[in-house]
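A quick write-up on the structure given underneath.
None of the figures in this text is laboratory data; all of them are computed from the coordinates on show. Note that this is a predicted model, so its numbers are computed, not measured. Glycine gets a Cβ as well: all are built from the backbone with ideal geometry, and neighbour counts include every protein chain shown.
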Amino acid sequence: MRVQQPAATGLDLERVDGRAKVLGLAPYAYEHPAENPTYLYPVQSTIARGRITAIDTAAAETMDGVVAVLTHLNAPRLADAADKELAVLQSDEVGFRGQFVAAVVADSPEAAREAAARVRVQYHQEPHHAALRADHEDLYKPEQINAGLETDTQAGDPDAALASAAVVVDRTYTTPAEHNNPMEPHTTVAQWEGDRLLVFDSTQAVHNARKTLAPLFDVEVEQIRVVAPHVGGGFGSKGLPHAHVVLTALAAKVTGGRPVKYALTRQQMFFLAGYRTPTIQRLQLGASPDGRISVLTHDVVEQTSAIKEFAEQTAGISRMMYSADHRRTTHRLASLDVPVPSWMRAPGECPGSFGLEVAMDELAEACGIDPIELRVRNEPAIDPETGKPFASRHLLACLREGARRFGWERRNAQPGTVLVDGWRTGIGVAASTYPARRQPANTARIRFTADGFYEVQIGAVDLGTGAWTALTQIAAEALECGPEQVRLQIGDTDLPVATVAGGSSGTASWGSAIIGAAQMFRKEHGGFPSAGDTSEGDGERNPAGKNYALHSFGAQFAEVQVHADTGEIRVSRMLGVYSAGRIINPRTARSQFLGGMTMGIGMALHEQSVMDERFGMIVNHDFADYHVPSNADIRQLEAFWLEEVDEHAGPLGARGIGEIGIVGAAAAVANAAYNATGIRVRDLPLTADKFLT
Amino acid sequence: MQISMSVNGNEVTRDIEPRVLLVHFIREELGLTGTHWGCDTSNCGTCVVLMDGQPVKSCTVLAAMADGHEIRTVEGLASNGALDPVQQGFMEEHGLQCGFCTPGMMLTARALLDKNPHPDDGEIRQAISGQICRCTGYATIVRSVQWAANHPVGSAATGDAADPSEAEEVTA
């Protein structure tokens, strides 16, 4: 395969979208001009399970400025109500607390909100279950887990191997529910013109969004246009359309053609916009005295919503990370009366790496060997699960480079021995990985304009990751022109089809289509095109996927201080080294890595959505009580990467960088906290109380 | 009720409902959508504007409370055909990714630099302590403010005018 030679890529190009954003002129979903708009405010269920027996909307309907009050009794019918997350206001059933049960549309946001508060709903309440427990009585095995993976895998005889292993680590680790919390709340503005729907949406995938909406409203995908030129973060929660998108489009059916605007409040986002499922992970590692792993099992219990299955691929990481002749992974779901889980940055690998990488630290200690050396001794020659060679596996290089830069040799192997000014101090390491998943269903179009620019069109989305910039560079390089000659257009279903900005797949997937279009353009129009010359190119399924295991790798290092008297914990230093194929733009890439690590510190120290099982209520559903890292929590962070081009990853040679920065980050912090204190915390987050013994 | 205030140097007078929040007044009534709305509980800081030069979270200020005061939003940062050094700094030092927290961060930075032209990193971090960024990890934001401190207004060309036609180009 021909790999593009770096030219415009690799440049530290300033953000293409930077200027609009510092001027306050970049329009997010809510900010697009809408003529004579209406505003939606919902009513949410106050029970976790049951039926609506009566709704009194009279007071709301008579208020000034109210356009409509929608309930399951009067809302337009959806053509397809099979997806119970999306089938809003279609029945009297309540499946979780916080679900939409009514909505007010009004001339002002204030009127909508006040009227919604006057809607009275009566319920027949049924018993519910909202807490995840390992011994939940109705655990079930899903047909498959996310990303189309097998639910369970087994090789050899794990139980026998455990019985005969010289050293065994058998521990259970838990990760709590966490909420993505992008800064821009999930927002939809919808308007029907006859049978055509226009949607300004805060989404990671415009084409996927309309594909989801079309059958619900019984229209062809071409009748729906979804627009999203700028998105204020997503981290997975805007990858799949959630109920509010449907609700807003449904409400727009009763406004006589007026647009309906709806931005979820931060509080509503905790119930309606997806979250990372909590996990309970039992890890068993059996090894020889010198740390060679013979058996690795990873058994996961996690939750889904009773109304819609979501099966996080938590143990997937244990299928490919380390060499072990005997292996088992399982996933069991507790179906609960809770909001619907969804994607959150590195679904699967992120929570799974906490269990696996802390267990590795425990095994290193049990064997009395250095944690990096333990990983060296268990580095597989081929992918243990598939038997395929790795297209590019530089985990050990990341670990060694990170160790050198971080000062790993100064680590005191004896935990709890370094006390500086009242702070117990230690360092820890964890490995990181994330699959490279180039998506084939992408098309790019390139048109030469009368004023001498190359218009590059693809329905990609920039969540803030830097797609505006990286795709401009990729196009310039492929066209062999300067980035200033490229006019990129993204974020609109009127543009050629594109896959989701998610799974660290965007740049490689869209970039391949752009390279294909550029090559076709030069073939068809040569180096001196005329105005209007146009070519298209498609992405392709990566043929290397048949023969190679494609993954990125990384090493996470953390220095942690735990106050000896109060248990207060600080991450004083963190450093990551990554192998992710070619880096398109060092400036935006570094920010992505550091952002992932930052969210990893949040996962390690703060983030936890607390379920009050009596009510099915996420009690800390705002930024006052759900803590994400503030600037005082983030001290010295550094990210480095290995210079490489992965020739098996596609014509771009890049694998993707959006998620690998968070994978393993919480484990590195927990391992450092153990090194600091001698206290092994196996339940995230690492709050102060866990260090007070 | 009728309220009047100066917004980015322009006098505006409007009849409003007393319950309207300043953030909604700015966004919905005045159409200045660079001020964002992120949490509704005064925790995230995406809605920060300057009221008489002081950063306030406009989601917890009633528009009526701004009657008679001077409001400055992100749209009022660039002046006389040039970006504010803070805006230039956020571009130079990559102080943004998704950009949603950026207007609030920049206005807080502007207020800080007006009072303290040469802040140290700790003072910058203190100033933005009420604001959340979910993308960057903050270090580039601190560096962006330092860049602005090192390039005060009038010290060097800091960029071209905010041209409304640019916005259309970007959103096309």
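Can you give the convex hull volume per residue for the Cα atoms of the range A:189-307, as a whole number of Å³? Spell out each step's value before the answer.
Working: hull volume 20.6 nm³, N = 119.
So the per-residue hull volume is 173 Å³.
Using the charge dipole of the protein assembly as shown (Lys, Arg: +1 at Cβ; Asp, Glu: -1 at Cβ; taken about the Cα centre), state which of A:SER335, A:TYR123, A:ILE514 has its Cα farthest towards the positive end.
It is A:SER335.
Using Cβ contacts closer than 10 Å as the measure, can you line up A:TYR41, A:TYR275 from fewest to most?
Details: A:TYR41 22, A:TYR275 27.
Lowest to highest Cβ neighbour count: A:TYR41, A:TYR275.
Bin width 10 Å, origin at 0, all Cα-Cα pairs of chain B: what percent of pairs per bin?
Going out from 0 Å in 10 Å bins, chain B shows 10, 39, 36, 14, 1 percent.
Once every Cα of the protein assembly as shown carries one equal point scatterer and solvent is ignored, give the base-10 log of I(q)/I(0) from the Debye formula at q = 0.06, 0.09, 0.11 Å⁻¹, two decimals.
Debye intensities relative to I(0), on a log10 scale: -0.38, -0.90, -1.38.
For the range A:536-693, what size does the Cα cloud have along each of its three principal axes, sorted from largest down, in whole Å?
The principal-axis extents, from largest down, are 59, 38, 29 Å.
Compute the helix-to-body angle for B:102-115: its Cα long axis versus the longest principal axis of chain B, expressed 0 to 90° and rounded to tens.
80
Given 25 °C and 0.890 mPa s, compute D for the range B:21-106 with the Stokes-Einstein relation, Rh being the Kirkwood radius over Cα pairs; round to the nearest whole µm²/s. Don't skip to the end; give the middle numbers.
Numbers: Rh = 13.2 Å.
Reported coefficient: 186 µm²/s.
Could you work out Rg/(2.2 N^0.38 Å) for the range A:653-693, with Rg from alpha carbons only? Walk me through the intermediate numbers first.
Numbers: Rg = 13.9 Å, N = 41, 2.2 N^0.38 = 9.0 Å.
So the Cα radius of gyration is 1.54 times the expected 2.2 N^0.38 Å.
Using bins 10 angstrom wide from zero, how does P(r) for the range A:278-422 break down, in % of all Cα pairs?
Going from the shortest bin to the longest, the percentages are 10, 33, 32, 18, 6, 0.
Whole-Å semi-axes of the range A:242-308's equivalent ellipsoid, largest first, each the root of 5 times a Cα gyration tensor eigenvalue? Present the calculation step by step, with values, prior to reporting the outcome.
Values: eigenvalues 474, 24, 18 Å².
Output for the range A:242-308: semi-axes of 49, 11, 10 Å.
Taking every Cα atom in the range A:351-450, find the radius of gyration and the maximum pairwise distance Dmax, and write them in Å.
For the range A:351-450, the Cα radius of gyration and maximum Cα-Cα distance read 20.1, 71 Å.
What ranking do A:SER353, A:SER294, A:SER512 get, fewest neighbouring Cβ atoms within 10 angstrom at the top? Before the final figure, lay out each step's value.
Values: A:SER353 31, A:SER294 21, A:SER512 26.
So the ranking, lowest neighbour count to highest, is A:SER294, A:SER512, A:SER353.
For the range A:492-612, take the convex hull of the Cα atoms, compute a quarter of its surface area, and give me that in nm², please.
Orientation-averaged projected area of the Cα hull: 13.7 nm².
Report the Cα centroid-to-centroid distance between the range A:355-422 and the range B:1-39 in angstrom, as an integer.
Comparing the Cα centres of the range A:355-422 and the range B:1-39, I get a distance of 55 Å.
Arranged from highest to lowest average of other beta-carbon atoms within 10 Å per residue, in what order do the peptides A:213-222, A:304-313 appear? Please list the in-between numbers first.
Details: A:213-222: 16.4, A:304-313: 21.4.
Averaged packing, sorted descending, gives the order A:304-313, A:213-222.
Hey, got the average number of other protein chain Cβ atoms within 10 angstrom for residues in A:229-235?
On the way: counts 3, 5, 3, 11, 8, 2, 3.
For this peptide, the per-residue mean of nearby foreign Cβ atoms is 5.
What is the mean number of Cβ atoms from other protein chains located within 10 Å of the Cβ atom of each residue in peptide B:27-33, rounded to a whole number?
Values: counts 3, 7, 1, 0, 2, 1, 9.
Mean inter-chain Cβ contacts per residue within 10 Å come to 3.
Kindly work out what percent of the DSSP beta bridges joining two residues of chain A are antiparallel, to the nearest 5. Can you show the working numbers first?
Values: 93 of 122 bridges.
In chain A, DSSP labels about 75 percent of beta bridges as antiparallel.
Given 0.36 nm per residue, what is the gain on full extension from A:ALA531 to A:ASP421 after removing their alpha carbon distance, in nm?
Numbers: separation 110, 0.36 × 110 = 39.60 nm, distance 6.98 nm.
Net length gain for the segment: 32.6 nm.
Take A:TYR140, A:TYR548, B:TYR138, A:TYR674 and order them by how many other Cβ atoms sit within 10 Å, fewest up front. Intermediate results must be reported in sequence, preceding the final value.
On the way: A:TYR140 12, A:TYR548 21, B:TYR138 27, A:TYR674 24.
Ascending number of Cβ neighbours within 10 Å: A:TYR140, A:TYR548, A:TYR674, B:TYR138.
So for the range A:422-507, what are the equivalent ellipsoid semi-axes in whole Å, largest first, each being the square root of 5 times an eigenvalue of the Cα gyration tensor?
Numbers: eigenvalues 250, 54, 26 Å².
Its equivalent ellipsoid spans semi-axes of 35, 16, 11 Å.
Rule-of-thumb check for the range A:601-692: C-alpha Rg over 2.2 N^0.38 Å? Don't skip to the answer; put the middle values down first.
Details: Rg = 17.8 Å, N = 92, 2.2 N^0.38 = 12.3 Å.
It is 1.45.
Just list whichever of A:LYS238/A:LYS690; A:LYS141/A:LYS211; A:LYS211/A:LYS523; A:LYS84/A:LYS261; A:LYS21/A:LYS238 have alpha carbons separated by over 31 Å in the model shown. Working shown, then result.
On the way: A:LYS238/A:LYS690 34 Å; A:LYS141/A:LYS211 29 Å; A:LYS211/A:LYS523 33 Å; A:LYS84/A:LYS261 23 Å; A:LYS21/A:LYS238 20 Å.
From the list (A:LYS238/A:LYS690; A:LYS141/A:LYS211; A:LYS211/A:LYS523; A:LYS84/A:LYS261; A:LYS21/A:LYS238), the Cα-Cα distance tops 31 Å for A:LYS238/A:LYS690; A:LYS211/A:LYS523.
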